[in-house]
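Here's the structure, in structure tokens; my notes come after.
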Amino acid sequence: MRLLLVNPNISDSVSDLIRAEARRSASPGTEIEVLTAPFGVAYIETRFEALVGAYAAAQVAAEHCQRFDAVVVAAFGDPGLTGLRELLPVPVTGMTEAALATAHLLGHRISIIAISQRIQAWYREVVESYGFGGRLASIRALDRPISAIGGVQEEHAQALKALAERAVAEDGAEVIVLAGAPLAGLARSLHGQLPVPVVDGVSSAVRHAETLAALKPGRARSGSFALPPAKPNQGLPPAIAALLAAGR
């Protein structure tokens, strides 16, 4: 089995974290490839940045998806996920979708620990779009500058742990989700240190992607996730144009 993880931002240091956690989490025999967006921002924390990241992820996924059994959008917030699910010929999941699905099996009240105050509104909208708004106990986030996005979990490990402890004690969280690719692997470091289960988005997405690929459910040929209808277009990356033309 081959999985493609697309980092929709331009930070190679974050791709390194994604790659390391994905390989630790994958089943024996699963091959992991992580590709970084060719354009965009260092890390995504606003709706507009997510829009840019979605297009970057679409370009990378379209160019490479034929070599893989499933694709993961490897950024919390899943920029572009539902659009990619319409277009790609293989199953697609994302860190938020997979983490919430995992957390759903572990407890009722879910709290998300994030790296940025600004990111909270967009994360809340994404959670609600997946139908988990009623299960969300809280979103708690760092309120301090980030000097290097690839080192945020080392630099702020104690503060992130304290946020999780407060989410349990003050918000009634029964499961903690560590949000964002820069926190990939932190759940392993915190294992046994919190009184509730802790969920990592990368490891959840890898395992869910493996399951989807193994189930071979087929792709939608009707309904809202069928291929977009044929229509004139121009200026699109060749790989996206080719997928849009597939089967027409």
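The values are calculated or read from the model by the stated rules, or taken from the named source; none is laboratory data. The structure presented is a predicted model; accordingly, all values stated were derived computationally and were not measured. Because the Cβ atoms are built from the backbone with ideal geometry, glycine has one as well, and the counts that use them run over all protein chains shown. Accessible surface areas use protein heavy atoms only, side chains included; no ligands, DNA or RNA. Shrake-Rupley method; radii C 1.70, N 1.55, O 1.52, S 1.80 Å.
Points to keep in mind about this one:
- Listed by position, the helices (runs of 4 or more DSSP H) enclosed by the stretch 152-248 that each have at least 2 residues that are surrounded by 11 or more Cβ atoms within 10 Å (Cβ to Cβ) and of a type outside the set (A, V, I, L, M) are 152-155, 157-171, 186-189, 201-215.
- Pairs with Cβ under 8 Å, 6+ apart, first in the stretch 133-145 and hydroxyl-bearing (Ser, Thr, Tyr), second not in a helix (DSSP H, G or I): 138/111; 138/112; 138/173
- Test: residue 45 is under 24 Å from residue 219 (Cα atoms), in contact with a strand residue (DSSP E or B) (Cβ under 9 Å, 6 or more places away or on another chain) and open to solvent by 10 Å² or more (accessible area, probe 1.4 Å): no
- Matching residues in the stretch 137-148 - criterion: being open to solvent by 20 Å² or more (accessible area, probe 1.4 Å) and either in contact with a helix residue (DSSP H, G or I) (Cβ under 9 Å, 6 or more places away or on another chain) or among the acidic types (Asp, Glu) (or both): 137, 140, 143, 144, 146, 147, 148
- Residue pairs whose Cβ atoms lie under 8 Å apart, separated by 6 or more positions or on different chains, with the first residue in the stretch 159-174 and over 13 Å from residue 107 (Cβ atoms) and the second modelled with pLDDT of 95 or more and among the β-branched types (Val, Ile, Thr), are 160/113; 163/113; 164/113; 164/176; 164/198.
- The residues in the stretch 15-30 that are open to solvent by less than 60 Å² (accessible area, probe 1.4 Å) and more than 19 Å from residue 98 (Cα to Cα) can be counted, and the count is 0.
- If you check 67, 85, 2, 24 for being more than 15 Å from the chain's Cα centre (by Cα), in contact (Cβ under 8 Å) with a residue 24 or more places away in the chain and under 26 Å from residue 110 (Cα atoms), only one passes: 24.
- Every pair of residues 6+ apart whose Cβ atoms lie under 8 Å, when the first sits in the stretch 116-130 and is over 15 Å from residue 100 (Cβ atoms) while the second is open to solvent by 60 Å² or more (accessible area, probe 1.4 Å) and not in a helix (DSSP H, G or I): 117/143
- Among the criteria (1) assigned to a loop (DSSP other than H, G, I, E, B); (2) touching a strand residue (DSSP E or B) at 6+ places or on another chain (Cβ under 6 Å), the one residue 143 does not fulfil is (2).
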